[in-house]
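Notes follow once the structure below has been shown.
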Amino acid sequence: MSFSILAFRKKLPRKVEIGLGITGFLLFLLTWQLIAVSGAIRPEFLPTPVSVAEAFVRLFTERDFASDIVISVRRVWLAFLLSVAVAVPLGLLMSTYRAVGALLEPFVDFVRYLPVPALVPLLVIWFGVGEASKLAVLWMGTFFQLILLIADDTKRVPVEFIESGHTLGASNGQIMRDIIIPAALPNMVDNLRITLGWCWTYLIIAEIVAANSGIGHMIWSLRRFVKTPEVMAGIIAIGIIGLLTDQAFRYAHARWFKYLHR
Amino acid sequence: MQNFIEISDVSKTYWSEDGKTETKVVLPLSMTIAEGEMVMFLGPSGCGKTTLMRIIGGLETQDHGEIHLQGERLAGPDRRRGMVFQSYSSFPWLSVRDNIKFGTRYRKDISAQEKEEVTDHYMNMVGLTRYADFYTNRISGGMRQRVAIARTLASSPKVLLMDEPFGALDAQTREYLQLQLMDINAREKKTTVFVTHDVEEAILLASRIVIFSSRPARIVKEIRVDDLIPPESRRDGSLDMETFMALRADILKIIRAEYAHTLEDT
Ligand SMILES: Nc1ncnc2c1ncn2[C@@H]1O[C@H](COP(=O)(O)OP(=O)(O)OP(=O)(O)O)[C@@H](O)[C@H]1O
Ligand SMILES: [Mg+2]
């Protein structure tokens, strides 16, 4: 196995990459531990990694954290899928038919710049404090971004691909199904992965403001008792879920689009 | 000879975004192409060759004039006119074989079994059988262009339109593909319009060369190469070099004169 870690943009052996990833985490934990035991910061503010790990276990054994996770994951995926279901077809149409693009683009751009947290009070007035308002916050936060990302992905399909389709005798529908979608799909999947990450940000905002369940709600209620280790454990749980989802997406990407992965 | 393709008084003007300045690209232009002809378009850069070819292919609409194929008026692109682009247009998510097979996808004139046969036939013809399972982003530019040619042939167009298909390739690959195309042409007698900047390529491949003026394109000269240098002699390399060089010099002179106009314009 011969490789250089200094070569620009060259892939490293898989084992080395995983090793480096783990080292990154260990370095973070080590730094954290050193700062925590140095006494420079009071433990109420910065507990040690070990006490956070203990709190992590306590969350599950004493506070039924697992059901909060299930609730949050369900909210995220439900809102995400609702957003995808509308944004993907609309994004495709927007980039394919100039008329749809001209109709929607300015409006989508306008809404996209509205800060979602500022919309939360309004959404709570409209949808109450139940599930609907949470879904609405997540949907607002992702839909208008996603539709533009999808439109961009489809716009980047080379015009020669589409024109080849025309001269090979494909109808518009066939060009969409057999050329535009397969050509844009890898980038779309990447953008879905990124959008799903944003869902978590908006979820926590939604759960902090108006919820009596979910990870965000749990974190926010523990804060009142200055349970810093539990609060940090909750945040770390979100990180772990995010990391796992992200890895699953990357794995699927590599499986589905072999031609892009050497 | 029967008029296979008839271009009558076709013209095209591009307008700038603000609609204030016009660029006349193709003058009212007429020409006919017979079945089985290999017509090479030569002319100064920017004169409108690509535009005219795209109009023939239905990918661009002319302002005036008509194009008929076998007596039928053409409007918009379809499978009767296959296009090979200068840039690589093979689909990276498909293997070499699946790319070529894509050419047969929308054909209703042959069975599924025949589609497989046609695919293998053209894959073999362009010499890519060994690379059947390679994705096209894993093969060289020359191979990709062969994939594009095979894919277009597999769709069985009546007319093959090629816009500088070998423009981005190195000299050796280009020469190899020229020989392959001469071969295919001799066998299939496919009516072809081919745009190039390479005068030698034009003489080698053409049954007829059409030289265009600087923009707006007008035909300055037509040369029936088949009458001067027999096609077989070009294929087997036994051609008379003196005739070849003289023809080359003539053509270059015309193009240089036209190119000078281009420079005066700007
Ligand atoms: N879509 C367009 N909008 C505006 N002008 C265009 C467009 N396409 C081409 N033109 C202009 O039309 C003229 C002819 O272009 P065309 O591509 O047909 O030339 P060409 O003969 O193929 O040139 P080259 O040999 O460099 O490929 C050029 O001046 C070009 O700038
Ligand atoms: Mg051109």
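Nothing in this text is a laboratory measurement; each read-out follows from the coordinates by a stated rule. A quick note: this is a predicted structure, and the numbers were derived from the prediction, not measured. Quick reminder, even Gly has a Cβ in these numbers, built from the backbone with ideal geometry, and neighbours come from all protein chains shown.
Brief remarks on what is shown
For (1) farther than 20 Å from A:D190 by Cβ; (2) within 15 Å of the chain's Cα centre (by Cα); (3) buried (at least 20 other Cβ atoms within 10 Å of the Cβ), each residue gets a yes or a no:
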{"site": "A:N212", "(1), (2), (3)": "yes, no, no"}
{"site": "A:I215", "(1), (2), (3)": "yes, no, yes"}
{"site": "A:W220", "(1), (2), (3)": "yes, no, no"}
{"site": "A:P229", "(1), (2), (3)": "yes, no, yes"}
{"site": "A:M232", "(1), (2), (3)": "yes, no, yes"}
{"site": "A:L244", "(1), (2), (3)": "no, yes, no"}
{"site": "A:A248", "(1), (2), (3)": "no, yes, no"}
{"site": "A:Y251", "(1), (2), (3)": "no, no, no"}
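- From the list A:R63, A:R98, the lone residue that is charged (D, E, K, R), without any contact (Cβ under 8 Å) to a residue 24 or more places away in the chain and surrounded by fewer than 21 Cβ atoms within 10 Å (Cβ to Cβ) is A:R98.
- Candidate set: the range B:46-60, residues that are more than 13 Å from the chain's Cα centre (by Cα) and near ligand 1 (Cβ under 6 Å from one of its atoms); chosen: the one surrounded by the fewest Cβ atoms within 10 Å (Cβ to Cβ): B:G46
- Contacts under 8 angstrom Cβ, first residue in the range B:193-222 being within 14 Å of chain A (Cβ to nearest Cβ) and closer than 16 Å to B:V84 by Cβ, partner among the hydrophobic types (A, V, I, L, M, F, W, C) and more than 16 Å from ligand 2 (Cβ to nearest atom), 6 or more apart: B:V193/B:I33; B:V193/B:V159; B:V193/B:L160
Let's see how each residue does on (1) in contact (Cβ under 8 Å) with a residue 40 or more places away in the chain; (2) within 14 Å of chain B (Cβ to nearest Cβ):
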site: A:E160; (1), (2): no, yes
site: A:N172; (1), (2): no, yes
site: A:I181; (1), (2): yes, yes
site: A:M218; (1), (2): yes, no
site: A:L243; (1), (2): no, no
site: A:R250; (1), (2): yes, no
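- Any hit, the range B:18-28, residues being within 16 Å of ligand 2 (Cβ to nearest atom), more than 21 Å from B:P165 (Cα to Cα), touching a residue at least 60 places away in the same chain (Cβ under 8 Å) and among the hydrophobic types (A, V, I, L, M, F, W, C): yes
- When the test is whether a residue is facing chain A (nearest Cβ under 10 Å), surrounded by 17 or more Cβ atoms within 10 Å (Cβ to Cβ) and away from ligand 1 (no atom under 16 Å from the Cβ), B:R151 passes it.
- Matching helices (runs of 4 or more DSSP H) fully within the range A:108-175 where at least 2 residues are surrounded by 14 or more Cβ atoms within 10 Å (Cβ to Cβ) and polar (S, T, N, Q): A:131-155, A:159-167
- In the range B:154-178, the qualifying residues are those that are away from ligand 2 (no atom under 16 Å from the Cβ) and within 11 Å of chain A (Cβ to nearest Cβ), and the one that is surrounded by the fewest Cβ atoms within 10 Å (Cβ to Cβ) is B:S156.
- The strands (runs of 3 or more DSSP E) found entirely in the range B:29-100 that carry 1 or more residues being within 11 Å of chain A (Cβ to nearest Cβ), away from ligand 2 (no atom under 16 Å from the Cβ) and in contact (Cβ under 8 Å) with a residue 24 or more places away in the chain are B:81-84.
- Search result, residues across the range B:101-140 that are of a type outside the set (F, W, Y), assigned to a loop (DSSP other than H, G, I, E, B) and farther than 18 Å from B:L160 by Cα: B:K108, B:D109, B:I110, B:S111, B:G127, B:L128, B:A132, B:D133, B:I139, B:S140
- Just one of (1) within 16 Å of ligand 1 (Cβ to nearest atom); (2) within 22 Å of the chain's Cα centre (by Cα) fails for B:D63. It is (2).
- Of all residues assigned to the range A:161-182, none qualifies as being acidic (D, E), out of contact with any strand residue (DSSP E or B) (no Cβ under 8 Å at 6 or more places or on another chain) and farther than 30 Å from B:A154 by Cα.
- Taking (1) in contact (Cβ under 8 Å) with a residue 60 or more places away in the chain; (2) farther than 19 Å from A:V76 by Cβ; (3) β-branched (V, I, T); (4) part of a helix (DSSP H, G or I) in turn, A:V226 satisfies each apart from (4).
- A residue that is within 16 Å of ligand 1 (Cβ to nearest atom), of a type in the set (G, A, S) and either surrounded by fewer than 22 Cβ atoms within 10 Å (Cβ to Cβ) or under 30 Å from B:N124 (Cα atoms) (or both) occurs nowhere in the range B:34-44.
- Candidate set from the range B:115-148 (those that are buried (at least 17 other Cβ atoms within 10 Å of the Cβ) and among the hydroxyl-bearing types (S, T, Y)); member that is farthest from ligand 1 (Cβ to nearest atom): B:T119
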